Structure formats: structure tokens, C-alpha cells
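Here is the structure we will look at, set down as C-alpha cells.
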Amino acid sequence: MTSVEPPPPTGSNRPPRHRRGAPRRGRGGGEAGSRPAPTEPANASLAMRPASVTPESNPTLTQPSNRGIHGRRGGFVRGGRRGGAQPMVNGQRVFGGQLTSPAPPSEGSLAGDAPEFIPGQPVVPRARNNQSRNQPRPRRISKSQAPDIASRTHEDITNGQYECAICTNEVMPNSRIWSCKTCWTVLHLSCVKRWSKNEVSTLQQRATDNGELPPPRQWRCPGCNLPKDELPNNYTCWCQKEIDPHSVAGLPPHSCGQTCSKPRAGHCPHPCELICHAGPCPPCGHMGPSMSCFCGREMTARRCLDTNYESGWSCGQVCGDLLPCGEHECQRSCHEGLCGSCEVLIDSKCYCGREEKSLPCSERGDEKQSQAEGNTWMGSFDCGAECRRPFDCGNPNHFCKKECHPQEAQPAHCPFSPDVVSHCPCGKRPLEILLSEPRLDCSAPIPHCQERCQKLLPCGHLCQQICHDGDCRPCLEKMQITCRCGRTTSNSVCHQGMEEPPSCTRVCRATLNCGRHECGERCCPGEKKASERQAAKRKNRGMAAEENVEPEHICIRVCGRPLKCGNHTCPSLCHKGPCSSCLEAVFEEIACACGRTVLHPPQPCGTRPPPCNYDCTRRPTCGHQKVKHQCHEDTMPCPPCPYLVEKPCACGKKTLKNQPCWLTSVSCGLPCGRKLKCGIHFCQKSCHRPGQCEDASSPCTQPCGRKKTVCEHSCSDPCHAPYPCKEITPCQAKTFITCACQHQKQAVKCLASKSSPGNTSKVLECNDECKRLQRNALLASALNIDPATHTDDHIPYSTTTLSFFTANQKLAQQYEREFRVFAADEKEKRMRFKPMQAPQRAFLHALAEDFGLDSESQDPEPHRHVVIFKTPRFVSAPMKTLGQCAKIRPLSTVEPVPAPKPVGNKEPWNGFLLSNPKFGLTIEELHADLKEEFAKEGLEFTVEFLPSEDVVLHAVSFSSSSWTQKLDQTLISLKPAVSKKILGLKLAGSVGLCAVDGSGNVVGREEENAGEGGWSQVAKGIPRKTVVEERGVGSKSSFTVLGMKKEKKVTEKAEEAVEDWEKEVEGWGDA
């Protein structure tokens, strides 16, 4: 029963074109096809028709014409809708257009038969036309059922029912097409071009990558899967007479309108007389030329349809031609070709007369006459038996040993007769010399000469046997014989090399032409050629030379590797590079998992199901709502369920909340804690399922842990319950041994076992330190000193050193480390530090004083640095480090010290120092910007650039003798204005006062004189600040362990360190 699905209603005369690649309705239906279409009028153009216009009559469904509507992309649209749901007939899709029919006007629409409207009266409903409801809906045009291919192709293309086998879109009358000459499949020209080029380019690319010759340009038709040599290039008519034909009304689609004129199949002399058409030409119905039968006795003319021009025809009479034997005639009916051999059976006798039988005439040999024992016969074949006819001597032992041959009337002469044999068997000596009397008959023995035979053997050597009868034996001389591969030479008997070359045990490791297998044969004849070929290949590595593989190393195995399709293996011989594409095709529909997206045959083997844009229809097994995602293959799982649920942990101790539903096993993270089978230990694995404890698959491996009997340590061997600890091996645990006074302590291994006490009972001997501590303890007891609370609080560093250490701990520790290394090295007497700033130099001076070293500053700024020396007053470095003294430093208070007054040797300010000047700063720019500020104070200035990239503005004044002090005060008052101007113009990063000597060296900066304290102030006569130590209750005593000795206050005169030695010397002269 045929079921036809109704076509979707169309809302306009131009239906939307079905795009290539858009999802179609699958075999099993789908969501897209199950949605109800919105209700629309059957013909929207008549819905708003005025009442004065006569409605059009309903067009009947007739054979569609060749004219159509051109779509947006050049496609040919046939009335019906090409997208959406399609009709189904017998479970298969039916492609066909359908014309829209006018729908009856609704009550609210305009119509000519509407009743007159009278205000105030009810509207009289008009009569409805029920006839249109009862009319059956016209069916869409199905595919053509014409008996021949040409008619079916023409009708389907005209009706828009012909599908391209590549893109599955319709082939329209205005499409550019290509037709296969084997299966007559019609395809889009663009599709088949891309199809052929992809296949050809793939094969050529693989051949290029493998260094092989490119294969012939062949591709396979997607309809018949047969190879084609010519690539499709042009769009022609069916008969290929016209390129790019135009559609003509009344002609079949893609026809030029001329006579086909293509030669018919079967060597018919009449060309096709139909109009240019698709498919094969029909059989010819004309009368053909007169043709004779095979034997040539009769001649007749028939229709080309009934004539086989290739094989001819038979009249049925007996042939009668003379057979090759020249005696008999052919008895076959009129036949094609030669008559063949004569098969008539004839009674025959062999040449020697022993065998008689019937043989076909064609198998008999030449007839020869034979005579023996008074009988004469004609022999015609050789029976193959030995003749054995006695010679004329009559000796029964002398007879003919030849095979069957024609016989003579008289027996043959005996070859052993005295008149025949005149020499010995080797032919060197005549019998007269060897015999005293001549031979009387053929039975007399033939003597030998007892010399070497010396006959030439086939190998080229001479026979070395003593004169003998019969044939010579094989050559037994020793010679160098080379094996088959030519690698091994051995001494062997000559005849062995003549029969077959010997084989050595060398295994050939040459690679076969496939590049995958080895030869592996013993004594391979092609091994030497393979070595030479590989050497030539390495020599010409850069040149792409053709490689000729020797015949012995051509792999004849079947490749057998799986092809990309995954269903077949490569049937070719073993080869290099990747295998070619699978040549099989799939002639079944390939659908996605839900069945709504389908690829129609034919398809290449191994084609995966198409990607589907519809939602997946699988329901999750957990029962939650499914996550929206696209349709996918069965091999891919659906996305995990994202809902959060409560799940018990694996061990069952807790119920965890907010766990993902897809998570099969959750863990609480707690240790298991179940007692193991050993009965001593507990499972330490984190949360797991029951039965998966540590000893589930193997015995307990935890350390025993029980206390040993030989020592106080626990057993560290693997669990051996319920057996006691063996305690045979020495204990490897760490223990401590001490001396008698408990001052010394040493870590050793216990090494206790049942056989040895180990180190548990050993005691160290007291040393001198122990004795010293014992004496100190006695002294402390005598002086009533508690050693537990008394410690040495002496600090060997000055307050300046400790203050700098507190502020710059990392830098101070680095310098202290260098000082201690210098102090420990007896060979070093002098050490120089790198240039640094004044505060750091002051710290080095203070630290050198604490160490008992001499120090001085050398070189002007900015290369001023500190050098320390070892003098006789140096003894050793302090025992305590700065870090230790900083911890025991007592609380101190600083007495307020009045501001120091300027001393006589202080350098007065005579300039400004600009730090971090801007890039490209010039002297002219500084004079132009700062000249006004300096002029207000009656000053001028010069500009000097230092090597440190700083800039000095050296002020100059023309005043009285005390101009230096006045200049100092003037620059201090001028600094705010100059700083504001310089920073505002961004001429430099910072501005400060400085002191410059006559050579242009900076001998003092504002930051150096701004700080209080430090070595520079001590050197320049500035008094240090006084530190008054406050000792609270419970503070540490100044007594040492050895007594109550007071600290002596040693006041040493501080040595002055001058910044500029030249200026200092000049001052000495003035004094």
C-alpha cells in the first residue's frame, strides 16, 4: 500500500531554496517534521482579491513544461517546496513539485457572491462551497517510470526529481552537468570536478611524499565506482557536439537539438538518428549490409538489431573444409575461425613394431617404413621403449640400446667387432701394441693402456682416471668455489660447483623495496648488489636518483595493513609510504544516531556518520533532566549530569552533600581505621570501599612497632604477627652516648641484638673542656653564683656599630663576614673595599675600631673608599657576632645633645648638586633658566658635569674676605627657589647643597653633614652623643664566672680622618 505524505503549504509562488548541507528529515522522523505548520491560505494572492475581480480557476495538474522559475543562486525552482517535509512512497522519498490551489474565501474576505450589507440587520452567512473540501488533494509528481534511461533522465531533470549523487541536491535543467559514459549517472559539473581533483591530488601527494612516481591520473565515478582517465572540464550537451548549450523550449534538458550521431554499440554502421539525448543510444532497427556466413556458402541481410557484427552468423551446413592432415574433411557445422586439428582415430603401429593402438590423426608422426624378420610395416609413432634388437654378431649380450626407431632389413653391425675397435678405450694406444695376438671376435676383451684418460670434461678439466670403459666420472679436482652471494670462497670438488653453487651461512640483512621487511635469506645472490646500491644512495643523498632494486629484494608479500576506512586491509604488494584510499564504496544510507541526518549513497568506504545539528534524544540513566547537547555517536558518552546530590562516601562513615551526580565514588578523606587481619595494626588508607584495605591482596606490610626486649626502640621489621620479633639483626635506630659528666654527647646507631648489646652500654671519656667546666662549677659554688641564671653580657661593639646593624642588618652582616675572613687569614695585611657612601664608610671605620684594625678613607668622591690594615694592636676578631650582641643589647636612653656648632674645619657650601639630570641637558639651558635667581643674590655660577652623571652649579661671589661664610648662608636661603625652578622644569631629579674644592671635586654633600653621629663627625671633632645605660632590677651583673672584676674604662683618643689631605696640609702651614 502506497502512503503519500502531504506536502507543506506554501505561502508564496517562490519557495525558499533548500541549501546544501542543511539537515534533512531523517528516516525516523524528528522534531522538525513533527511541528505543526502555521495555518496559511492556500493562495495568498487571492486572500485580498477585490470583489470585482473574477477568481482564477483551479489549475489542473498536468505534465510540467520545460520552463521554470530561476532561483536566487541560479537554481531552477519547480513550483513545489524543496525544503521541509517530503512525501514518502513505499517507505522511500519521492521528489516532486506541487502547484498551489486557491483556497475558498473566508467570511471576512472580499468575494463577488457576498450578501449585501444592511445596517442594523444581522449578517446573513453565505453558502459555503463544500465541493472543494471533498476534492482529493492532488498528488505530487513522483519519479519517472519510463522504460528507458534517456526518458527517465529527461523527465526527472525536467520535474526537479533527479539528485546529484555527490551533493544530493537536485539537478535542474539550467545546471551545468557531467554524465558518466558507463553508468549514465548525471552529476553537477562543479561537484564532479571537486570529486575528481580531490582523489587525484590525494594520490599524487602521497606519491610525492614517498619519493615515488605519481600514479596515472585516474579517478572513480561515484555512481559506478569504475576508474576514469579523463578529468571532467567542460559542460557539453549529451552528444558532446556543443559546449555550454542553452535550454530550448520543447527540447529535452541539456540537449543541443541536433542529431545524436553517436556510433552505436556492436559496430553498427548506422549512427544514432535521435535528437541529442541522455543515456545510451537505443538499438538500431535498420537493415544492415549483406553478410556471408562463416563458411561463405550463403549471404543474407538482416536488421542491425538481429545482427552480430562482431562474431558473424552461421548457416548451419557442414563445413567440409580439408583438415591440416590433408586426408579428412571437417564435419562441424558452419563455424567461426579455423577448423582445428583432425580428431579421426586411426589404427597405428610404432616404429619398432612392438606396440599397436588407435591414435587421433593429429597426434600421429611421420610414417616411416620398417623391416624386421621378413615383415614390413609403416610406423607412425615412437613408443619410447628400448629397441633391444641383436647385432649381426649374434651375441645375446650385444643388442641395440636406442629408443624406438625405424628398423632396417639387416641387423646393425656390432660396435665391439675387431674391425671396429682398433684402440684402447681412451684412444691413445692401438690394440696391436697392447695385444700379442689380434682379437678374434666381438666377445674378446678390449685391453686398457693403464694411462690417464685425459678426455676433456664439461668443466674444462681433463679426466684423471686410468683408461676406462664408458663415460668419464665427474671432475674430482679441488678448486676455489665462490658461494652464491660471492662473500665466501672455499676449496671444494669441481663438479659440486658445476651442479649448484654452494651456500654459506651468512644471513642477508638488506632491506626489501617495501622498506618494512628484511631479506633474511642465507647466502643471498643480491646482497652484494644491495650494498652497492645503498652506497650509491648515500653518496647521492642530495640528488633524487631513481632507485633500481635488485629482483632478489622485491617484496612479494601482501601489504595487509588496515586502510583508513577501518573495514578492509590493503590488497597491494608490500610498499613504501601510506596505503591508498579504500576503493570500495557504501551503497547504503549512513545516518546519525537519531536518524534525522542522513548521507545518501554512494559514499566512500569508512565514511563516518554525519554531524547532526539536532539535540540528542538519549535519556540519562540517573533520572534527572538531560543536558541539552547535540546528537552524537554511540561511542561518545553524553555530558555528565551536573546536578548536585547527596552521596554516601566509599567507607560509609559520612554522607557528603553537593556531590556531582555523575561521580560514581566519593571519598570523605578520613583514614579507614579498620583492624587488619594481623590483629595489631589498623588500615591507614583513606576512604575506600569495603574489602579494599591494605591487606586485601597481600599481607600487612606496616612496621611491627612492638618494643624490643634488647633495647628501648621499637621493631621496624614488616609486620610478622602473630610471631614474636626475632631481634637477630642489629638495631639501626639512633641513640646517644655521653660522658660521665653529661657534657659530651654523640649520636650513634644502637646496634643492639640478642647476640650483642651494641652501643647502649658505651660511655665517652671526659676531655679538658669537661674538667674546665667542673672547675668553673666549683668556683661558682664558692662565690655563690648561680650558673643557670648568669651569662656573659659583655658587648665588644660600639653603639654606632650596633645602631647601623639594627638599621641595615643584611649589609652589616656582609661586611662583618668579610672582616672575619680578613682577620682569620694571617697572610692578608691589607684589604680595600669598593667605593661607597659616607654612612657605610662610617660603619666600616667603627667596625674596624671594634676589631682593633686601622682604617682610612682614600680618593675623592665619587671614588672614595675605605682601606683597613692590620697593626700590632690587632689580636683577633671579637668572639661574639653582631647578631648575638644585638639580642643581648641592654636598654639605653639617649641624652638630648644640643645641635653642634659649626667647627672650624667644616667645608662651607659653595654650590648646588643636581642628581639624575634629564637626558641632553646643556650648559646654555641651565644658564638661561637659573641666571635670574642667582643674579638677585649677586652671584654667578659655572656648570661642571661629573663622571657620575651628576651636575654641579659652582657659585662665585665678588665680596669681602669673609665671602665664604656669607656664600654659605646665601646658598642656604637660595636653595628653595632654585629647587622649585629646577624641579618645576624637570631639569633634574633632586637638588642639594655641596662643597666643591678648587679641582672641581665634591668634598662634601648635604646628606653627609645632615646626619648626626657616625665616624665622619668623630673625625671632624663633633662630640658623640652620650648613652646612659639604665640597669633595672634583675639586670645582668658585670661579674664574670671567674670573679667580681670590674670593667676598666679605657678612653682612647679618637684619630681624626680627614677628607682632603691637601687642604689639611695647607692648614698646617697657616698654623
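The values are calculated or read from the model by the stated rules, or taken from the named source; none is laboratory data. Model, not experiment: these values are computed from the prediction. No Cβ is skipped: glycine too gets one built from the backbone with ideal geometry, and neighbour counts run over all protein chains shown. Keep in mind that these areas ignore ligands, DNA and RNA; they rest on the heavy atoms of the full protein, side chains included. Shrake-Rupley method; radii C 1.70, N 1.55, O 1.52, S 1.80 Å.
If you check PRO757, PRO703, which single one turns out to be open to solvent by 30 Å² or more (accessible area, probe 1.4 Å) and farther than 28 Å from GLY679 by Cβ? Going through PRO757, PRO703 in turn, just one is open to solvent by 30 Å² or more (accessible area, probe 1.4 Å) and farther than 28 Å from GLY679 by Cβ: PRO757. Apart from one condition, SER362 fits all of (1) over 30 Å from SER311 (Cβ atoms); (2) outside any loop (DSSP other than H, G, I, E, B); the exception is (1). None of PRO289, PRO282, PRO263, PRO269 is under 30 Å from PRO147 (Cβ atoms) and touching a residue at least 60 places away in the same chain (Cβ under 8 Å) except PRO282.
Could you list all residues from the range 144-202 that are among the β-branched types (Val, Ile, Thr) and open to solvent by less than 20 Å² (accessible area, probe 1.4 Å)? Result: THR153, ILE157, THR158, VAL171, ILE177, VAL186, VAL192, VAL200.
Filtered by the rule that a residue be open to solvent by 40 Å² or more (accessible area, probe 1.4 Å), among the aliphatic types (A, V, I, L, M) and under 30 Å from SER714 (Cα atoms), the range 647-700 gives LEU670, ILE680, ALA696. The single residue among GLU298, GLU273, GLU230 that is over 60 Å from the mean Cα position of the chain (by Cα) and either assigned by the TED database to the domain that holds TRP195 or closer than 30 Å to GLU363 by Cβ (or both) turns out to be GLU273.
Residues checked against (1) on the phi < 0 side of the Ramachandran plot; (2) assigned by the TED database to the domain that holds GLN884; (3) at pLDDT below 90:
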site	(1), (2), (3)
HIS794	yes, no, yes
GLN809	yes, yes, yes
TYR815	yes, yes, no
ALA823	yes, yes, no
MET836	yes, yes, no
LEU844	yes, yes, no
ALA848	yes, yes, no
PHE851	yes, yes, no
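In the range 975-996, which residues are crowded, with 16+ Cβ neighbours inside 10 Å, in contact with a helix residue (DSSP H, G or I) (Cβ under 7 Å, 6 or more places away or on another chain) and either in a helix (DSSP H, G or I) or not assigned by the TED database to the domain that holds PHE945 (or both)? Across the range 975-996, the qualifying residue is only VAL978. Just to be sure, is ARG596 under 22 Å from ALA165 (Cβ atoms), of a type in the set (Lys, Arg) and open to solvent by less than 50 Å² (accessible area, probe 1.4 Å)? Yes.
Once the range 331-349 is narrowed to residues that are closer than 30 Å to LYS368 by Cβ and in a loop (DSSP other than H, G, I, E, B), the residue that is least open to solvent (accessible area, probe 1.4 Å) is CYS342.
Scanning the range 799-846 for residues that are surrounded by 14 or more Cβ atoms within 10 Å (Cβ to Cβ) and assigned to a loop (DSSP other than H, G, I, E, B) returns ASN808, PHE833, PRO835, MET836.
Within the range 310-320, can one find any residue that is assigned to a loop (DSSP other than H, G, I, E, B) and β-branched (Val, Ile, Thr)? Checking the range 310-320: not a single residue is assigned to a loop (DSSP other than H, G, I, E, B) and β-branched (Val, Ile, Thr). If the condition is being open to solvent by 80 Å² or more (accessible area, probe 1.4 Å) and outside any loop (DSSP other than H, G, I, E, B), then the range 424-461 contributes GLU432, ILE433, ARG452, LEU456. Of all residues in the range 933-949, those that are open to solvent by 30 Å² or more (accessible area, probe 1.4 Å) have Cβ atoms under 6 Å from Cβ atoms of residues that are modelled with pLDDT of 80 or more and part of a loop (DSSP other than H, G, I, E, B), 6 or more apart or on another chain, in SER948/PRO862. Of the residues LEU676, LEU751, the single one that is on the phi > 0 side of the Ramachandran plot and within 58 Å of the chain's Cα centre (by Cα) is LEU751. Of all residue pairs spaced 6 or more apart or on separate chains, those with beta-carbon atoms under 9 Å, a first member in the range 814-833 that is more than 23 Å from PHE804 (Cβ to Cβ) and a second member that is open to solvent by 60 Å² or more (accessible area, probe 1.4 Å) are GLU828/VAL821.
Listed by first and then second residue, the pairs with beta-carbon distance under 8 Å, at least 6 apart or on different chains, first residue in the range 447-474 and basic (Lys, Arg), second open to solvent by 50 Å² or more (accessible area, probe 1.4 Å), are ARG452/LEU462; ARG452/GLN464; ARG452/ILE466; LYS455/LEU462.
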